[in-house]
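Visitor: One structure follows; several queries about it will come next.
The values are calculated or read from the model by the stated rules, or taken from the named source; none is laboratory data. Everything quoted here is computed from the prediction, not taken from an experiment. Cβ: placed from backbone, ideal geometry, glycine included. Neighbour counts: every protein chain shown.
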């Protein structure tokens, strides 16, 4: 099996070009990203690092005990990597141009999804490029990593635990960022109950709250502030918890805090997507403040979560090597 790290020793752009040429895809698909829609003055004014609501969130999060130690998402990182007016662009939330992602790898990934019969989901969810999302033309639509990752994750969860057939499905998204997955889940699953979005970074909570309102999905998506985490989960019955790339950027203390809460709340399933920078993502590695990486599988096992499956993001070996941000998917069930 090849892992994404091996792409550093190849020329992914030229390799993908050859793959696409074989299926008749022309130079159109190597175009630059389309321009993002302009923001209104009102939205631009609200999306400010000096927003009063954001200041109140920062104050609340500083009062939480024990305090969260951010091994990656400290204030300096957020200031450098989270552009408030382009939070869906290539930034800390979703690497789109980095990670060796090129227009060609986007098209290869979209073609792969076509072969899986997922074109209808790509079109149904769509992409408008709002807030700086990096977009590439494909067939008669626009694609982005936000869209491609969401389709991949929804397909995996439907194939493994049948989320489309579950009515009033309640989900908690840990490390929800700007609310990408909540938005896509609500749009893809008409019978969904509620997606609760949690994040220990106040800037993420602020942007997620804005984005859910912007997408008009407040009937089925809710943003929960850090101080309200335990009380909220005590009143709900989540079927599934998702953690997309977040645990890979957390300390072991933070991961343990979350897993213990999931166990207390009797969350049945936990879906984890790792970062692909260690062993191609085929490792449950966490980040500590000193930069060290340690496996956190034992934390899950100690709290009663057994692994149901672990599989590559893309089943086709060539796409797992050359697609958009390859990694591995883990699904756990409470024993």
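Visitor: Would you check which residues across the stretch 234-251 are farther than 16 Å from residue 182 by Cβ and in contact with a helix residue (DSSP H, G or I) (Cβ under 7 Å, 6 or more places away or on another chain) and list them?
Guide: Scanning the stretch 234-251 gives a single hit, 247.
Visitor: Just to be sure before I move on: is residue 276 on the phi > 0 side of the Ramachandran plot and either modelled with pLDDT under 95 or not in a helix (DSSP H, G or I) (or both) in the structure I sent?
Guide: no
Visitor: Okay, moving on. Being crowded, with 19+ Cβ neighbours inside 10 Å, farther than 30 Å from residue 307 by Cα, in contact with a helix residue (DSSP H, G or I) (Cβ under 8 Å, 6 or more places away or on another chain) and modelled with pLDDT under 95: is that true of residue 110 here?
Guide: Taking the combined requirement at face value, the residue does not satisfy it.
Visitor: While we're here: Can you tell me how many residues within the stretch 66-82 are part of a loop (DSSP other than H, G, I, E, B) and closer than 20 Å to residue 223 by Cα?
Guide: 3
Visitor: Taking the stretch 170-195 as the search range and keeping residues that are touching a strand residue (DSSP E or B) at 6+ places or on another chain (Cβ under 9 Å) and surrounded by fewer than 22 Cβ atoms within 10 Å (Cβ to Cβ), which one is nearest to residue 320 (Cα to Cα)?
Guide: 189
Visitor: Next question. Name every residue in the stretch 137-163 that is outside any helix (DSSP H, G or I), out of contact with any helix residue (DSSP H, G or I) (no Cβ under 7 Å at 6 or more places or on another chain) and either surrounded by fewer than 18 Cβ atoms within 10 Å (Cβ to Cβ) or touching a residue at least 60 places away in the same chain (Cβ under 8 Å) (or both), in order of residue number.
Guide: Scanning the stretch 137-163 gives 139, 140, 142, 162.
Visitor: Also, quick follow-up: What residue, among those in the stretch 285-311 that are assigned to a strand (DSSP E or B) and crowded, with 21+ Cβ neighbours inside 10 Å, is modelled with the lowest pLDDT?
Guide: 287
Visitor: Out of the stretch 312-329, which residues are without any contact (Cβ under 8 Å) to a residue 60 or more places away in the chain and under 19 Å from residue 245 (Cα atoms)?
Guide: Passing the criteria: only 328.
Visitor: Look through 72, 43, 78, 64 and report the one residue that is in contact with a strand residue (DSSP E or B) (Cβ under 7 Å, 6 or more places away or on another chain) and either surrounded by fewer than 20 Cβ atoms within 10 Å (Cβ to Cβ) or at pLDDT below 95 (or both).
Guide: 72 is the lone residue from the list that is in contact with a strand residue (DSSP E or B) (Cβ under 7 Å, 6 or more places away or on another chain) and either surrounded by fewer than 20 Cβ atoms within 10 Å (Cβ to Cβ) or at pLDDT below 95 (or both).
Visitor: Among (1) under 25 Å from residue 133 (Cβ atoms); (2) modelled with pLDDT of 90 or more; (3) surrounded by 18 or more Cβ atoms within 10 Å (Cβ to Cβ); (4) touching a helix residue (DSSP H, G or I) at 6+ places or on another chain (Cβ under 7 Å), which single condition is residue 95 missing?
Guide: Here residue 95 meets the rest and fails (4).
Visitor: Give the stretch 239-264 a look and list any residue that's within 14 Å of the chain's Cα centre (by Cα) and in a strand (DSSP E or B), or say none.
Guide: The answer is 241, 242, 243, 244.
Visitor: Yes or no: residue 267 closer than 20 Å to residue 171 by Cα, under 20 Å from the mean Cα position of the chain (by Cα) and surrounded by 17 or more Cβ atoms within 10 Å (Cβ to Cβ)?
Guide: yes
Visitor: For the stretch 326-335, state whether one or more residues are in a loop (DSSP other than H, G, I, E, B), at pLDDT 95 or above and surrounded by 15 or more Cβ atoms within 10 Å (Cβ to Cβ).
Guide: yes
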